[in-house]
Every structure is written in C-alpha cells, then in structure tokens.
Amino acid sequence: MSAEESWVEVVPHDSRWAESYQAESKAIRAALGDYVLGIEHFGSTAVPGLIAKPIIDILVGAPAGRQPHSVIDGLGQLGYEYLGEDGRRPGRYFWRKRGVTAFNVSAVPHLGAMWQTNLAVRDFLRAHPEWAERYGQVKLVSRV
C-alpha cells in the first residue's frame, strides 16, 4: 500500500454528527437492553469544531467481564459487522456499520480505565478548543 492509499479522509466538523449519534445510540440501547450500562459519543466527531474522519465513534459501557457474544446478534440486526477484540487492550470489542453515515462501536467495561480514558480525552478537547485545534493540525499533517 502506498502512502497515498493509507491517508485517512478528514473533513470539517459537521453539526449533524451529534444528531446521528443520538439516533444511533437509541437504536443500540433498544437492541442491546441491559448490556448497555452507559453509552457515549466519543472520538473527534464528538468535539465541536474539530476536524475528523466522518465516522461516528460510540462507546458502550458493558458489565465488567461480560463477553460480547450476547450482543453480536443485536448489533448485527442493526447492520453492524463484528470485528472482534482489540488485541492491544483486552476487553475492548469493535463493531462497524457502513452506509450513508458510518459508525464504529467500542464496547468496554463501564467505568473501567478504557471508558474513563476515552471520555477524559473527549472532555479535555471540548473544554480546550486551542488543544482541539492543535490536534486537528496533527491530523492534517499525519493523515494516517
């Protein structure tokens, strides 16, 4: 793969991302029931004004130690593809839904380290637009 082929598209912030998250999170809650202890919009699309890949990241807080087997069918019915566990951070599972709007779902232990870290980064960037701007500039330079 050439360097050009590995570039990631980043686009200006789109205020409709928040609306898309709201609608999708309701569908996920309905499909997964008590598996969802918390659900949050995270990643760059959750930070107003930040350029981002046009993929909405959704963080699902699951009961600690609960495997994703009970949710594969539920998310599958919503059009998600199960991608498996993140090999770098055990206990983090991924799904992807493609379409007019693209979504990634990460399921992690609710209130665990991965939950808290992802939301801390989002909240820091929301509270510090100057850092969000710097982060956006890094994305433009690296694009990988």
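Structure data summary
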{"read-out": "Dipole axis of region 15-141 (+1 Lys, Arg; -1 Asp, Glu on Cβ), positive-most option in Thr117, Gln22, Thr45", "value": "Thr45"}
{"read-out": "Computed magnitude of the charge dipole of the chain (debye, nearest 20; Cβ of K, R +1, Cβ of D, E -1)", "value": "140"}
{"read-out": "DSSP bridge pairs, the chain: antiparallel proportion in percent, nearest 5", "value": "65"}
{"read-out": "Tail weight of P(r) past 21 Å, computed on alpha-carbon pairs of region 15-141, percent", "value": "39"}
{"read-out": "Inter-site label distance for Ala23 and Gln137 at 7 Å from Cα along Cβ, in nm", "value": "3.6"}
{"read-out": "Relative contact order, percent, region 42-130 [alpha-carbon distance under 8 Å, six or more residues apart]", "value": "33"}
{"read-out": "Tilt relative to the chain, helix 16-32 - C-alpha long axis, 0 to 90 degrees, to 10", "value": "10"}
{"read-out": "For peptides 78-88, 23-33, sequence by mean Cβ density within 10 Å, most packed first", "value": "23-33, 78-88"}
{"read-out": "Reachable lysines from Lys97, criterion Cα separation under 17 angstrom, eight or more residues apart if same chain", "value": "Lys26, Lys53"}
{"read-out": "Candidate aspartates and glutamates for bridging to Lys139, where Cα separation is under 15 Å - those fewer than 8 sequence places away on the same chain excluded", "value": "Glu4, Glu9, Glu130"}
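Taken together, the values in this text are just the output of simple stated rules run on the coordinates, not laboratory data. Note that the structure is a prediction, hence the values are computed from the model and not measured. Heads up, the Cβs are rebuilt from the backbone with ideal geometry, glycines too, and the neighbour counts pull from every protein chain shown.
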